[in-house]
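What follows is a set of notes on a single structure, which appears directly below.
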Amino acid sequence: KIMTAAAVIEEGKLKANSKITVPSVLNRGGSAFHDHDEHGTLRLTFAGVLAKSSNIGTIQASEKIGAKTLYSYLKKFGIAEPSGLNFPGESRGLLPALKNWSGTSFPTIAFGQGLSLNSIQATSVFATIANGGVRVEPRLVAGTTGNDGKFVEAAQSRRVEVVSPATARTVTDMLESVVSDGGTAPMARIPGYRVAGKTGTANRVDPACGCYRGYTASFIGFAPADNPQLVVSVTLQAPKRGHYGGMLGGPVFKRVMSFALQDQRIPPTG
């Protein structure tokens, strides 16, 4: 949903305060799409769509740019591409080639259910927004020390400008609404700091049966939102009590990020 929002804003099709009327059901490609909670017709801003994590509102927004444009942005964000870590066995994730999209591919991919990615790739999306729209490939190894004791820094990470700084700033502001009282993760708030983040709730593939069973809940965010320094990603596999990312991942994010901000001596910004 973040990548879709960034693409739509970058293309100039919607603004954070653009009004979207979200119906209770949306029919696309012969299937009926719903949000995670039943509701009547909602009148939201685009920021509200992200705050409420509305699948339907995200589909409606994505239709402003079309499948081809959305696909190009997903590739720029690094979806289904090596993350850059060069870690053995890393999955590239799955993003069907545009020519193979079915009638339901566009709507599901727009809100994140028609693709797969690993945690580093997901975290990199947030880091890209936090970094003013520039994706920097993550590094696992800072450098190496030879027998002579000389430290050689690893090669510089590849940088790709995905969206403009202005778009990244707008999306950051929208992500702050996620931890507001009206959003899906108020429990991720940290007193004294501005926090930007997003919940995730995915159907989980259980390798034991080769079927969907249980959920993967997540929360990823960065702080301070007005001067981003750190990104923290929380993923919970097959939780037993509930399955929403905000409820489960939000409190873990708060504890880890609070510790990290103090450890790195990053002052509150209010």
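The values are calculated or read from the model by the stated rules, or taken from the named source; none is laboratory data. This is a predicted model, so every value here is computed, not measured. All Cβ positions, glycine included, derive from the backbone under ideal geometry; neighbour counts span all protein chains shown. SASA here: full protein model, heavy atoms, side chains in, ligands and nucleic acids out. Shrake-Rupley method; radii C 1.70, N 1.55, O 1.52, S 1.80 Å.
So what is the orientation-averaged projected area of the chain, using the convex hull of its C-alpha atoms, in nm²?
Computed as one quarter of the Cα hull surface, the answer is 16.3 nm².
Could you work out [θ]222 nm for the chain from helices alone, using -39500 (n - 2.57) per DSSP H run of at least four and dividing by all its residues? Round to the nearest 500 deg cm²/dmol.
-9000 deg cm²/dmol
Whenever you get a sec, compute what percent of the accessible area on the stretch 222-270 sits on carbon and sulfur atoms (1.4 Å probe).
53 percent
In whole Å, how far is the Cα centre of the stretch 169-205 from that of the stretch 243-260?
One Cα centre to the other: 10 Å.
Using a Gaussian network model of the chain whose springs link C-alpha atoms within less than 10 Å, name the residue from Gly245, Gly132, Gly103 with the highest mean-square fluctuation.
Gly103
For the chain, how many pairs of lysine residues have a Cα-Cα distance under 13 Å, where the two are 8 or more positions apart or belong to different chains?
So the count works out to 8.
Between Gln156 and Glu81, how high is the FRET efficiency from 1/(1 + (r/R0)^6) when r is the Cβ-Cβ distance and R₀ = 22 Å? Nearest 0.05. The partial results should precede the final answer.
Details: r = 18 Å, r/R0 = 0.82.
Here the calculated transfer efficiency is 0.75.
In whole angstrom, how far apart do the alpha carbon centroids of the stretch 3-36 and the stretch 74-98 sit?
If you average the Cα positions of each part, the centres end up 25 Å apart.
Under 5 Å between amide hydrogens, which residues at least 5 positions from Thr45 or on another chain qualify, with H placed 1.01 Å from N in the peptide plane?
Those qualifying (amide H under 5 Å, at least 5 residues apart or on another chain) are Ile20.
Of Lys150, Lys19, Lys240, which has the largest mean-square fluctuation in a 10 Å C-alpha GNM of the chain?
Maximum among the listed residues: Lys150.
Please list, in order along the stretch 133-144, the HN-Hα scalar couplings obtained from phi with the Karplus expression 6.51 cos²θ - 1.76 cosθ + 1.60 (θ = phi - 60°), rounded to whole Hz, x for Gly and Pro.
Values, residue by residue: x, 9, 8, 10, 4, x, 10, 8, 10, 6, x, 10 Hz.
If you rank Met3, Met187, Met247, Met257 by how much accessible surface each has, with a 1.4 Å probe, what is the order from largest down?
Met247, Met187, Met3, Met257
Can you pull the accessible area of Tyr73 for me, 1.4 Å probe, Å² to the nearest 10?
Here the residue's solvent-accessible area equals roughly 10 Å².
Taking N as the number of residues in the stretch 131-270, what is its alpha-carbon radius of gyration divided by 2.2 N^0.38 Å?
That ratio works out to 1.26.
In whole Hz, what ³J(HN,Hα) sequence does the stretch 245-257 give by Karplus (6.51, -1.76, 1.60; θ = phi - 60°), x for Gly and Pro?
Once θ is set to phi - 60°, the couplings for the stretch 245-257 become x, x, 5, 9, x, x, x, 5, 4, 4, 5, 5, 5 Hz.
For the stretch 13-58, what does the relative contact order come out to in percent, with C-alpha contacts under 8 Å and a separation of six or more? If you can, show how the numbers build up before the last one.
Numbers: 64 pairs, mean separation 20.9, N = 46.
Relative contact order of the stretch 13-58: 45 percent.
With axes computed from alpha carbons, what is the tilt in degrees of helix 119-130 against the longest principal axis of the chain, rounded to the nearest 10 within 0 to 90?
Helix 119-130 sits at roughly 90 degrees to that axis.
Got a number for the accessible area of Lys64? Probe 1.4 Å, square angstrom, nearest 10.
We get 110 Å² for Lys64.
Taking the chain as a Gaussian network, where each spring joins two C-alpha atoms under 10 Å apart, which residue of Ser164, Ser62, Ser124 fluctuates the most?
Ser164
Putting +1 on Lys and Arg Cβ atoms and -1 on Asp and Glu Cβ atoms, find which of Gly197, Thr41, Gly133 reaches farthest to the positive end of the dipole of the chain.
Going by the Cα projections, it comes out as Thr41.
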